[in-house]
Amino acid sequence: DEAPIKLGIVAPMSGPNARYGAFSMHGAELAVKEINDAGGVNGHKIELYNADSQGTPVEGVSATRRLIDQDEVDFVIGDVSSSVTLAMQPVAEDAGVLLLNAASSNPKITYGAGVGGFKWTYRNYPTDENRAYVVAKYAAEERGFTKFAVLSVDSDYGRSAIEFTKKYLPEFKGEILSEDYYKEGEVDFRSVLAKIRDGGAQAIIMYGLADTTPIIARQMVELGLAGKVTLVGNGEFNTEKTIASAPTALEGAVEAAAWLPAWDSPESKAFVEKFTTTYNEAPNNHAYVHWDTVNLLAAAVREAGSVEREAVRDALSKIKYKSPVGEVTFDDHNQARLPMILLQIEDGKPSIKGAFTADIQYPAN
Amino acid sequence: MSLTQTSERARRRDYRIPLGILLFSVALAAPFIGSRYVVHALIIALVFMLPAHGLNLLVGYTGLLSLAQAAFFGIGAYTAGLLAIGYGTPFYVNAVVAGLAAGAVALPLGVPALRLRSTSFVMCTLGFVIIGQAIAKNWISVTRGDMGLSGIPKPYFELGPLSFTVGGTTGFYYLALAIGILATLAVFAVVRSPAGRNMVAIRENETLAESLGVPTWHYKLIVFMLSAVFAGVGGSLYAHYLTVVSPLTFQMYYSTTMLIIVLGGGAGMISGTIFGSLLFVGLTEALRITPELRMIAYGLCLLVLVFWFKQGFAPVINRVWNAIGGAK
Amino acid sequence: MVSTLIEQIVNGIVTGSVYAIVAVGMTMIFGVLRAINFAHGEYYMLGTFGAWFAIDYLGLSYEASIVVGILSTIVIAYVVGQLVMRRMVGAPAESGVLATLGIALVLQNTVILVFGGGYKFFSGGYIEPVSILGFSLAEQRVLILVVCLLVFIGLELMVTHSRMGKAMRAVSQNVECCEVVGIDVPQVVLRTFILGAALAALSGVLTAPVNVSVYGGMGELITFKTLPIIIMGGLGNVRGTFFAAMILGIAESLVATYVGLQYRDTVGFATLILMLMWRPHGLFSTQARF
Amino acid sequence: MAAETNLSIAGLRAGYGNLDILNGVDLDVPAGQFVALMGPNGAGKSTLLKTLYGMTTIKGGSINWRGKDIAGYRSRAILGEGISFVPQGRCNFPVMTVDENLQMAAYTIRDEKVKGERDYVYDLFPILKKRRTTLAGNMSGGEQQLLEVAMAVLQRPKVLLVDEPSVGLSPAAIGIVFDELLRLHASGQTILLVEQNTKKAMEVAERAVILRLGKVIWDGRPADITHDELGELFLTGKMRGEAEAPH
Amino acid sequence: MTTHLPLLDIRNLTKSYGAVKAVNDVSLHIDRGEIAGLIGPNGSGKSTFFDCSTGLARPDTGTVVLDGQDITGWSLNRIAREGRMLRSFQKTVTFRSLDVEENLIIAGQMFTFPSILSTFSIGKLSRQRIAGLRERARELIRMAGLWDVRHQPAGNLSGGQQKLIQFASMLMPEPKLILLDEPMAGINPKIIERVVETILYANKSLGVSFLVIEHNIDVVTSICRRVIVLDQGQKLAEGLPQDIIQDQRVREAYLGG
Ligand SMILES: Nc1ncnc2c1ncn2[C@@H]1O[C@H](COP(=O)(O)OP(=O)(O)OP(=O)(O)O)[C@@H](O)[C@H]1O
Ligand SMILES: Nc1ncnc2c1ncn2[C@@H]1O[C@H](COP(=O)(O)OP(=O)(O)OP(=O)(O)O)[C@@H](O)[C@H]1O
Ligand SMILES: [Mg+2]
Ligand SMILES: [Mg+2]
């Protein structure tokens, strides 16, 4: 037997943010299990170490330090929260450990990576910019919306997606009538929805949290917005459970997602099935991206033909990885060029409108 | 330190100075003994020790339970981060300005808040953290909102012709240690001064203290600002160490951590706070061996602490101290 | 415009009802223990989880799940009360802070350990909208309003007239004197604690249908929402808590509408701070002279 | 035997935590006796009453009450045995009205007659009646003292332990309180009174017990000791010839 | 009234709580070097009168003039520190977890240190000042018979002992005027003698004036040159102690028959 590949995962596993970490962990665990069952990567088994970040930068850095110094991992995947990832970057850089980010969307992570400075940070997650562009374009051109209300989560994810939307919206003659951000854990949207209803918006641009979408959708039904105002953006509009929570509100909703359970590819279908049987619940986006990122790492190791960190890193930079949603490559900022899937809910089912890949414009430094 | 022995004490063996020297040497040698991870944990303990010292002055000595430390910690972190990124100022400037900024903000906040007593005051200070976060998120032109500040440079010093950057974990450890020692001496001076006695009087019975001519209002305000200064300096260390400051810094998590350090270590005792920061940071790290049970175990530890060590570890430390010091 | 305003006030009242039920339990517990219960939101979470478990695993109806949710919370509260809260009588405020923070961590993370950290969907309840006075509300919210009113009428009667209620007030004022007149303080504390936890659970199971998402960390946010309310209402004051919850609910609604949703939590505390400037001891509290 | 002994304390050692305050107190109190406990400040008088009422840590000895050893009983149980206590210092519910305080005093008595008793108490202390809706904590010190005595009277105990009821009372009010104690005594109650107002205490009590440093140092009829002797007892117990007033 | 200014001059003080007029238009003056007594039935407004004169409560109407300076509306601590007028409380209050010595040192601190800032110093001067206070504290502790318990936390002392700490605290600084609210309550007769001696000593040798609320009539008559009687918030009588106790109205209202 070859020496194992030591892989660390940093994710929030306790506290209020545990709801994101749990899916991430399961996704990664499943991938590791699949790979090891199939005999490992070039004969190397993957050993998974996890460490709790609690969603705070301090704990995240401690977790990373421990993984690197105590568990001596060579690769780290993490974290969900951007602030944590940003704090982990210099630690990984110092130690020369590969940091693969699978779920945080702050553009600064890649602004600062690759030619931006941090050679060891890679991100296998679409940027908000690409997503915002795709959604704005579709909503305006295909659906003919011009009046928008913003209702996004008050985090770097929600905020930056809206920043980018604002950048592109004038191109499509769209205007924003009102702008609101909700705090994580918010459960009462009636006031804002009433305001949106009275303001006459045609669509709500929402870059939100998966577990909040059903709450908003239900309250849209309550206030009579369902069927009149459409949700566009991202926030797991397309899962069966979300749709079931308020079918009328989600009908016609437009979402740009890195992945969706209904995606029509055999690998993806198999993943959904396996995940569901293993963990008794359907996977979500976080589960998928972590599962996929472990597979990506395995692919890079295979490509490199070595478990040496440098070799794997170089392989990653050049990789043409076939993910279930399409081919993935990395640009000079170590940002994955990922296809963004655009879908619309029709008759209670997601209907895929296409996959788009775009290059990112990095700010001149 | 004023560990001058009296002849009374000298009668029995006094191990305190040797012990002090031993502890100090261990602290100095830590980077060579422990792994980088251990040193990192020590740095975190030292970073939290600063706001905890401030909080101890407030809670332990003056009897004002405050949850606002995270807010001042955050203000310090932002100030230092913005200075370092925007102006490339040396570390000591950042730290001092961070402390002063936090103290300056504490003044207008303290004026209304300190009119309140006990629980109302606690809630008011909790409000400062929540409002602080909202400001950090929404005052985008200054704080960069949710994007936060990232890539804060390593601490940089400019002493006359000499200029150098504290890079690496070890260097940062010594920096944090030096600041931690300075802060400890400062707290020591405050609590040993007559003002320290007045603070305790306020804790024990504010109206009685007032009737004896103690201007309780002024003292409370000064201590509140002082505690903010400590938190601000701690925040500057935090910013330089983690290189990232985001609105997440204004989080109850930080306030409760500091509170646990102070109360668990033993409120109203300097050694309690030092011990508490090592203990609780050490505990959270040690519990990483069982990621799933970690926070449950941590919670249980708190419960055990409350019922077995009612006053935190302060009495235990006291007893040990007296035992080795030869006092009766 | 006027109708928007009225609608927002109605919204605020509904929100306020939810807060009120949770907060009143917390304020009563504060009353007898003089400790801020940082774990209070966890009982809200436990109630919700109990009901969710009853529906998803046991296949019970929503009505039955309410009972399961509350009963399971009562059982847990009994254990916590016996092991921890009873012993906190007469302990300094700091012990209360540490102990309840500890309990919060244990409860929250045990639920995460047992049920997984991911979020669940709560499927029961009456979520169809009905129109009242021209405003559209989910039936569940009407239910919440009604229950809230009943709960408060009941509690008000209990606190002012029943032996238990009087004993609760007595314990909050002078523990030593309770011993002297023969009140069983630990017993009163335990019962109050269980009652408070049960009320939190009740609020949880009632709001679960409209809040849909169920996860281990949901309690923490509720705890922080209720803190300003119990202060505004005057600690230990049932009636005050009701009005404070309504004021906060309405203020939040108005802020969310006219200022921006992102300032919502902030304004809860801002209201509190402003009000405390005006009345340093809360809206309805009575203070004895020095 | 003249009177049946009903409260019998033998070798009682008790204190707070590890600290011993009572160092072997022996005291037999026959039913219906009016005993005045006196002694210098810090002698342990209050500690003795608190110990009888189950509020301190008992280290040794026994408290025999009608054949039962009640040492170690909790306060509630002792109250149930018919022993009531008026502690030293403030002991009322400050944010309840006078009326409610009196109701709380009768907490353990599920009896309709209590209402009548309350009227009796109001007649006894008209000032309380005048203040019946005032919060107890807002009343003057003396008014609160009266309230506390009234609360114990309401409990209709077999044994009444009173700790310095005269503190803060005007001479007129002291008169009323002591008359009431005498009336209760006449109706057969056993009374253990702690007083610093030795003059008054010696007037009303049948028996004087002097405590010093946690021990009984004198026990007898008030008539057998003069005020000067009493003072001397206090002094020799306290002074040990070392401390002097500053001059 | 004499030509020279009284030390404390209170005019038309009124304070009501709801319908209760706790203090109703009371005027009172204390001369320099005087020991005056304030007596009256329970609830007659004596303590409230103290509260209003010392800044703990705000009078509804009336003025308080101390040593020629109008101090109405000053805060409790300012009146103590700048006015050098101290008061004790009827309720027994101490710094419970501090020992007796520390309790007394605190009482003296603000009168020894010139400013708030100077109290933050741990320099030599500051330590000398504290040492001086400690000396004085020990003297007073001996006087009060608390020598054996001087290192005990005040909260663990008996009721009477705590009352004595309060009294001793008043003498730590050398104030112009001390208002005592029932200093003898719960104190054993022998110590009362000493407290009385101490008051007389402070009055004669240090020139401290006193206003004493006390229900122990023997004490009042033995130390006070003048007694003021309050009843239901109003001044009922004023005069020499021996006259006062003979006054029929006072006998009815206060002494009981
Ligand atoms: N809670 C306590 N903890 C520790 N020691 C205490 C406590 N209460 C009293 N003591 C000690 O016990 C001794 C006796 O106190 P106690 O209250 O019984 O005195 P006392 O005789 O009632 O005096 P007084 O007449 O002043 O009320 C005192 O010296 C005091 O120091
Ligand atoms: N905060 C308050 N609220 C309501 N009533 C009050 C308040 N303070 C004082 N009183 C009332 O004012 C009256 C005067 O009280 P005060 O304490 O001055 O009496 P006192 O003369 O000191 O009596 P004692 O000799 O019993 O101490 C009392 O009847 C009391 O009920
Ligand atoms: Mg006593
Ligand atoms: Mg009085």
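Which value, to two decimals, describes the C-alpha radius of gyration of the protein assembly as shown once divided by 2.2 N^0.38 Å?
Cα Rg divided by the expected 2.2 N^0.38 Å: 1.02.
To the nearest 10 degrees, how steeply does helix A:128-137 sit against the main Cα axis of chain A, on a 0 to 90 scale?
Computed tilt is about 30 degrees.
Heavy-atom accessible area of A:His286 with all protein chains present, probe 1.4 Å, nearest 10 Å²?
30
Roughly what angle does helix A:156-168 make with the longest principal axis of chain A, taking Cα atoms, 0 to 90 degrees, to the nearest 10?
60
Using only protein heavy atoms and a 1.4 Å probe, how much accessible area in total is buried between D and E, to the nearest 100 Å²?
The summed interface area works out to 2700 Å².
Peptide E:187-200: average number of partner chain Cβ atoms within 10 Å per residue?
Mean partner-chain Cβ count within 10 Å for E:187-200: 5.
In percent, how large is the relative contact order of chain A, given Cα pairs closer than 8 Å and 6 or more residues apart?
Value for chain A: 17 percent.
What are the membrane-span-like helices in chain B by this rule: whole DSSP H runs, Cα extent along the axis at least 18 Å, mean Kyte-Doolittle hydropathy at least -1.0?
Sorted by number, the helices that extend far enough and score high enough are B:16-33, B:36-55, B:69-87, B:91-113, B:118-138, B:168-192, B:216-242, B:252-265, B:270-286, B:294-308.
Give the cross-link partners of D:Lys129 among the lysines, using a straight C-alpha distance below 24 Å as the criterion and excluding same-chain residues fewer than 8 apart.
Answer for D:Lys129, where 24 Å is the Cα cut-off: C:Lys166, D:Lys113, D:Lys115, E:Lys15, E:Lys21, E:Lys46, E:Lys91, E:Lys235, listed by chain and number.
Could you pull out every one of the lysines with an alpha carbon less than 16 Å from that of A:Lys195, ignoring same-chain neighbours closer than 8 positions?
A:Lys147, A:Lys228
Please work out the C-alpha center-to-center distance from the stretch A:271-320 to the stretch B:198-241 and express it in whole Å.
53
Can you divide the C-alpha Rg of the stretch B:197-262 by 2.2 N^0.38 Å and report the result to two decimal places?
Normalised Rg, Cα atoms only: 1.49.
Which one, B:Leu259, E:Ala168, B:Ala84, projects farthest toward the positive side of the charge dipole computed for the protein assembly as shown from Cβ point charges (K/R +1, D/E -1)?
The Cα lying farthest towards the positive end belongs to E:Ala168.
Rounded to the nearest Å, what's the spacing between the alpha carbon centres of the stretch C:1-75 and the stretch B:245-266? Just the number, please.
27
Between A:Gly96, A:Gly208, A:Gly78, where does the largest GNM mean-square fluctuation fall for chain A, given springs only between Cα atoms within less than 10 Å?
Result: A:Gly96 has the largest fluctuation of those listed.
Could you quote the convex hull projected area for the stretch B:172-297, Cα atoms only and averaged over all directions, in nm²?
Orientation-averaged projected area of the Cα hull: 9.5 nm².
For a quick check, take a GNM of chain D with Cα springs below 10 Å and name the residue from D:Leu49, D:Leu169, D:Leu22 with the largest mean-square fluctuation.
Between D:Leu49, D:Leu169, D:Leu22, it is D:Leu169 that shows the largest mean-square fluctuation.
How fast does the stretch C:63-125 diffuse by Stokes-Einstein, in µm²/s, taking the Kirkwood radius from C-alpha pairs at 25 °C and 0.890 mPa s?
Taking Rh from Cα pairs, D becomes 178 µm²/s.
Once each part is reduced to its C-alpha centroid, what is the distance from the stretch E:38-72 to the stretch E:79-126 in angstrom?
Measuring centre to centre over Cα atoms gives 22 Å.
Residues with amide H under 5 Å of D:Arg13's amide H, sequence separation 5 or more or different chain, H placed in the peptide plane at 1.01 Å from N; which?
Amide H to amide H, under 5 Å and 5 or more residues apart or across chains, D:Arg13 pairs with D:Gly24, D:Val25, D:Lys59, D:Gly60, D:Gly61.
Sorted from largest down, give the three principal axis spans of the alpha carbons of the stretch D:5-236, whole angstrom values.
Computed over the stretch D:5-236, the largest-to-smallest principal extents equal 46, 38, 33 Å.
What percent does the relative contact order of the stretch A:232-365 come to when contacts are Cα pairs within less than 8 Å and at least six residues apart?
In percent, rounded to a whole number, it is 25.
Mind running the shape call on the stretch D:142-208? Use the C-alpha gyration tensor, a ≥ b ≥ c as the square roots of the eigenvalues: rounded below 1.5 for a/c, prolate if a/b tops b/c, oblate otherwise.
In terms of gyration-tensor shape, oblate.
Looking only at Cα atoms, what is the convex hull volume of chain A per residue, in Å³?
Hull volume normalised by residue count: 121 Å³.
For C:Trp52, B:Trp217, write out the residues from largest to smallest accessible area, computed with a 1.4 angstrom probe and no ligands counted.
Ranking C:Trp52, B:Trp217 by accessible area, largest first, yields B:Trp217, C:Trp52.
Normalised by the empirical 2.2 N^0.38 Å for globular proteins, what value does the Cα Rg of the stretch E:96-174 take?
So the stretch E:96-174 has a normalised radius of gyration of 1.09.
Find the all-direction average of the projected area of the Cα convex hull for the stretch C:43-95, expressing the result in square nanometres with one decimal place.
Mean orientational projected area (the stretch C:43-95, Cα hull): 4.1 nm².
Which one of C:Tyr258, A:Tyr125, A:Pro247 has its Cα pushed farthest toward the positive end of the charge dipole of the protein assembly as shown, where Lys and Arg give +1 and Asp and Glu give -1 at the Cβ?
Of the candidates, C:Tyr258 comes out farthest on the positive side.
Below 8 Å between Cα atoms, with a sequence gap of 6+, how large is the relative contact order for chain D in percent?
About 26 percent, as a whole number.
Putting +1 on Lys and Arg Cβ atoms and -1 on Asp and Glu Cβ atoms, find which of D:Ile174, D:Leu19, D:Gly137 reaches farthest to the positive end of the dipole of chain D.
D:Gly137
Kindly report, to the nearest 10 Å², the accessible surface of E:Asp60 as traced by a 1.4 Å probe over protein heavy atoms only.
Surface accessible to solvent at E:Asp60 totals approximately 80 Å².
Check D:Val29: other-chain or 5+ apart residues with amide H under 5 Å from its amide H, H built from backbone geometry?
The answer is D:Asn6, D:Leu7, D:Ser8, D:Ile9.
In terms of the Cα gyration tensor, with a ≥ b ≥ c the square roots of its eigenvalues, is the stretch C:2-278 rounded because a/c is under 1.5, prolate because a/b exceeds b/c, or oblate?
oblate
When the convex hull of the C-alpha atoms of chain E is computed, what volume per residue in Å³ does it have?
138
Pop out the carbon and sulfur fraction of the accessible area of the stretch C:2-278 as a percent, whole number, probe 1.4 Å.
71
Give me the accessible area per residue for the protein assembly as shown, probe 1.4 Å, as a whole number in Å².
35
Calculate what fraction, in whole %, of the accessible area of the stretch A:157-274 sits on carbon and sulfur atoms when a 1.4 Å probe is rolled over the protein chains.
C and S atoms contribute 56 percent here.
Rank these by accessible area, largest first, 1.4 Å probe: E:Glu252, E:Glu139.
Of E:Glu252, E:Glu139, the descending order of accessible area is E:Glu252, E:Glu139.
Using a 1.4 angstrom probe and counting only protein chains, how large is the accessible area of B:Val47 in Å², to 10?
10
Excluding residues on the same chain fewer than 8 positions from A:Lys318, give the lysines whose Cα lies under 29 Å from its Cα.
A:Lys6, A:Lys33, A:Lys45, A:Lys108, A:Lys119, A:Lys269
From the Cα gyration tensor of the stretch B:135-234, with a ≥ b ≥ c the square roots of its eigenvalues, which class applies: rounded if a/c is under 1.5, or else prolate if a/b is larger than b/c, or else oblate?
The shape class here is oblate.
Can you give the mean number of other chain Cβ atoms that lie within 10 Å of the Cβ atoms in peptide E:17-24?
2
Counting only other residues whose beta carbon sits under 13 Å from that of C:Gly116, what net charge do I get with K and R as +1, D and E as -1?
-2
The values are calculated or read from the model by the stated rules, or taken from the named source; none is laboratory data. Here the structure is a predicted model, which is why all the values come from computation and not from measurement. Positions of Cβ are backbone-derived with ideal geometry, glycine not excepted, and every protein chain shown enters the neighbour counts. For the accessible areas, the whole protein counts, side chains as well, though only heavy atoms, and no ligand, DNA or RNA atoms are used. Shrake-Rupley method; radii C 1.70, N 1.55, O 1.52, S 1.80 Å.
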